[in-house]
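First the structure, in the form of structure tokens, and then the observations on it.
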Amino acid sequence: MLRCVVRAFGPAVDVVATECYDPPRPGPGEVSVRMLLASVNPSDLVTISGAYASRTTLPFVPGFEGVGVVEATGAGVSEVAAGQRVLPLGTAGAWQQVKVAEARWCLPVLPRLTDEQAATSYVNPLTALLMSRQYVIPGGGAGTAGAAGVVVNAAASAIGRMAIRMLNRAGVEPVALVRHPRGREQLTGLRTAAVLCTSDDGVREALPAVVREAAGGRPPTVVLDAVGGSEGGDLARALAPGGTLVHYGLLSGRPLPPALATERPDVRVVLFRLRDWVHTADRARLTDALAEAQHLVADGTAATPVAHVLPLRDVREALRREAVPGRTGKVLLRAD
Ligand SMILES: NC(=O)c1ccc[n+]([C@@H]2O[C@H](COP(=O)([O-])OP(=O)(O)OC[C@H]3O[C@@H](n4cnc5c(N)ncnc54)[C@H](OP(=O)(O)O)[C@@H]3O)[C@@H](O)[C@H]2O)c1
């Protein structure tokens, strides 16, 4: 069998290798999952870089998201059966041909999802669903934060687009920020109060004022921030008194400015990490939320465009393609 392996932290394209291995037999409570497809996500690349070195033991097999079929079950397994298509969650290891996982972490896949949809039905769909529910549309009510009261940055990212579609379903039209003019095209068909391009003249320098103007002259009440750094800081500065910055990504590679806490003590900064939610939610809540996310994948709301599907043995090429700016969809790894 073939798997990807990381033996030293660093840039993924340099440190991810492939190797042959003999998968162990599943022990009590475990199953062997024959992987079909796995996603390449920013969270995989950040983990491989060593950003979470304190909780990552080397060597390891990367991949937090992927779909496979249960091949064999260990003693005492009743949650899943051989032949069932599942998402083996809770640990990394999707970038290999056979993942031995705890049966209780193997969640079922909605039958009508294709393998590509299933392989991208967890990390971003569930995060976008939980964030929009918890911070923008409490109780699922329409437009709680106001039609122009929400800002989404990195709006052309896979999760940015699905978050906007989820907000649109609740009647919310956010101000969307993209970093390149081509990002505007990727938002075609989505309803927004405005699309701002941070590389346009004058936008970045006066971001708080530009965002407020785009929101109809009113300061926004919620920002979904996947960028961090000075952009995240300026979006926090644009918020209405008591507003919320949901900080869930670090695409700039830089943390939010520490001065923010003293400059805008009224702003609530929430650090959202799917991992924390998944590892603390009870099983019924996790199963229900994932099922809901998968329905949103099936109806297109949480759909992920796929740009490239490459076999595991070409993982370095897959990682090169992942790093291309303006990529139009996810890169997936096929476990053959
Ligand atoms: N906290 C959580 O639990 C959680 C869960 C899911 C996702 N996330 C985070 O959400 C972010 C997006 O994930 P994804 O899977 O949707 O990514 P993605 O679409 O696969 O790739 C990121 C996209 O964001 C754009 N981008 C990169 N750097 C940017 C910057 N500085 N400013 C604006 N846009 C930038 C790029 O688009 P262009 O090249 O076209 O500009 C790139 O294609 C990541 O930071 C990820 O870690 C967090």
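The values are calculated or read from the model by the stated rules, or taken from the named source; none is laboratory data. The model shown is predicted, which means the values in this text are computed figures rather than measured ones. Because the Cβ atoms are built from the backbone with ideal geometry, glycine has one as well, and the counts that use them run over all protein chains shown. For accessibility, only protein heavy atoms count, side chains too; no ligands or nucleic acids. Shrake-Rupley method; radii C 1.70, N 1.55, O 1.52, S 1.80 Å.
Some points to look at:
- Neighbours of Gly326 by Cβ distance under 13 Å: Lys/Arg scored +1, Asp/Glu scored -1, total +3.
- Between the Cα long axis of helix 158-169 and the first principal axis of the chain there is an angle of about 60°, rounded to the nearest 10.
- Shape call, the stretch 124-274: gyration tensor on alpha carbons, a/c limit 1.5: rounded
- For the chain, the carbon plus sulfur part of the accessible surface works out to 53%, probe radius 1.4 Å.
- Between helix 283-298 and the chain: long-axis angle, C-alpha atoms, 0 to 90°, nearest 10: 70 degrees
- Whether the chain is rounded, prolate or oblate, judged on the alpha carbon gyration tensor where a/c under 1.5 counts as rounded: prolate
- For the chain, the solvent-accessible area of protein heavy atoms averages 42 Å² per residue (probe radius 1.4 Å; ligands and nucleic acids excluded).
- Neighbourhood net charge (13 Å Cβ-Cβ; Lys/Arg +1, Asp/Glu -1) for Tyr52: +1
- Once C-alpha pairs closer than 8 Å and six or more residues apart are averaged by separation and normalised to the residue number of the chain, the relative contact order reads 17 percent.
- Against the chain, whose longest principal axis is taken from its Cα atoms, helix 229-238 shows a tilt of about 50°.
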